[in-house]
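Below is one structure; the comments refer to it alone.
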Amino acid sequence: MSDYIDLNGAEQSFGDTEAQREVRANDRQYVFHSWSAQNKIDPLPISKGEGARFWDYDGNEYLDFSSQLVNLNLGHQHPGLVKAIQEQAGRLATIQPSIANDVRGELAKRIVEHSFEGARSVFFTNGGADANEYAIRMARHHTGRQKVLARYRSYHGSTATAITMTGDPRRWANGVLDANVVHFFGPYQYRSEFFSETPEQETERALAHLEHTIQLEGPDTIAAIILETVTGTNGVLVPTPGYLAGVRALCDKYGILMICDEVMVGFGRIGEWFAYQAFDVTPDLVTFAKGVNSGYVPLGGVVISEAIHDTFGDRAFPGGLTYSGHPLACAAGVATFDIFEDEKILERVRDLGERVVEPRLREMAEKHPSVGEVRGRGLFWAMELVLDRETREPLVPYNAAGEAAAPMNAVVAACKNAGLFPFVHFNRMQIAPPLITSEEDLIKGLDIIDEALTVADGYYT
Ligand code: PLP
């Protein structure tokens, strides 16, 4: 039976069971989706999940290699998280932010204790974009300066300042919603602006470029430099050696605050509580969300240094949200810390990343001509798919849509048909499974990607 015609003009059915058909029909009729042309999408209908797997209403099973939007660090339906939320809901389901509450205080304490030296307090938000908005607001009030430097190839969220700071094409359609945002380039040796021979040279040139930008913008006008510690959606860009320390040194030299956006990489993704801990830098403000409670209840926040906290000691901080530090979300956050310790999550991420994922991805790069580069750390990796290894021409163009995205869509379809839900962005196959994924399932998912890459190889010139 034909329910609709897909983008290729083929007749498609909403599914086998009544439940699956109803969910898809309602979704297509009534739900307005983010980042999408409403008539050109066909979202997967999902009825239930467990651990690293989820199922549609027809009973088809998928292994999740995306952790949804890289938030589901502890996987679906973790009993510890579910129990914490249920118990909290039975006791006190909600309470406004200016009231003191046990789980809110406990979570703030645990976050501060696991953060940088000199971290003083936590401002809770509902997610990552608003965490970045508030970090910038704090930086502006603290320094009395207005400009913010943010990198190209970044994602900081979809609210006004956050989408303007974002350095990828997603911001274009919104215009400039914050006139005091300036972009600069970070290191990315595979597609470098600086034509560097070595990672060290890339660091040196990227830092010289940043200092030049600071000088031309006027050091006294710049409140903060914000950067994803390890760039996430824009390609899992691990900083080159010495880069973050160099940014810190420039911040100190010019009295600028350093903000690490850890929304995607915080809470274990690369095998550290916070990614900046792997690079030995001390930021002034850190933003987090996603992994703090695996997104079971929306939560984000800003970790604040002593000096910035003190700015607002006798002076009111002008900002806040009705649901900041929601008790259900905080209860799941406290449980997250317990589960990380009980299940030795950080240790397993480092071990599985080094022992299972990295060698296998490097093997795939040897085998498949379409893999131009493999990079990452912990359980966070990217493969750049190319049409030609010499020219490094991407498999699909940056900002690919419609026909241009067809080769990548074919790779995604091959994964889904084999039961894997992948994480792709433009020409990149990114690997971000839940941190609790078993070794067996990691190997199974990697086998599916290996097979799907033969589809990408078919486009290789
Ligand atoms: N910052 C980074 C690095 C992100 O990856 C994201 C979301 O993917 C955000 C900020 C925005 O977070 P949210 O979608 O919770 O607003």
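Nothing in this text is a laboratory measurement; each read-out follows from the coordinates by a stated rule. Note that the coordinates shown come from a computational prediction; the quantities given were computed from them, not determined experimentally. Here the Cβ is made from the backbone with ideal geometry for all residues, glycine too, and neighbour counts use every protein chain on show.
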Seminar exercise, completed: Here the percent of antiparallel bridges among DSSP beta bridges lying wholly in the chain, to the nearest 5, is 65
Seminar exercise, completed: Once VAL176 and SER34 are pulled to full extension, the length gained, defined as 0.36 nm per residue separation minus their Cα-Cα distance, is 49.2 nm
Exercise. When we measure straight from the Cα of LYS444, which lysines land under 24 angstrom away, once same-chain ones fewer than 8 places off are left out?
Worked result: LYS48, LYS344, LYS367, LYS416
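What's the ranking of 115-123, 272-280, 47-55 by average number of surrounding C-beta atoms within 10 Å, highest first? The partial results should precede the final answer.
Numbers: 115-123: 18.7, 272-280: 20.9, 47-55: 16.7.
Those peptides, ordered most packed to least, come out 272-280, 115-123, 47-55.
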Exercise. So what are the three principal axis dimensions of the stretch 183-241 from its Cα atoms, in whole Å, longest to shortest?
Worked result: 33, 25, 17
Seminar exercise, completed: Kirkwood Rh for the stretch 343-461 from C-alpha pairs, in Å, is 14.4
For this session: Evaluate the relative contact order of the chain (contact order divided by residue number), counting alpha-carbon pairs under 8 angstrom at least 6 apart; express in whole percent.
Result: 19
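On full extension of the chain, what length is gained from GLN201 through GLU390, given 0.36 nm per residue of separation minus the C-alpha to C-alpha distance?
On the way: separation 189, 0.36 × 189 = 68.04 nm, distance 2.12 nm.
Answer, rounded to one decimal: 65.9 nm.
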Seminar exercise, completed: A student asked for the Cα radius of gyration and Dmax of the stretch 338-379 in angstrom ought to give 13.3, 44
Seminar exercise, completed: Of the candidates VAL411, LEU453, TYR398, the farthest towards the positive dipole end of the stretch 350-454 (Lys/Arg Cβ +1, Asp/Glu Cβ -1, centred on the Cα centre) is TYR398
Exercise. For the chain, what value does the Rg/Rh ratio take when both radii are computed over Cα atoms and Rh is the Kirkwood radius, given to two decimals?
Worked result: 0.96
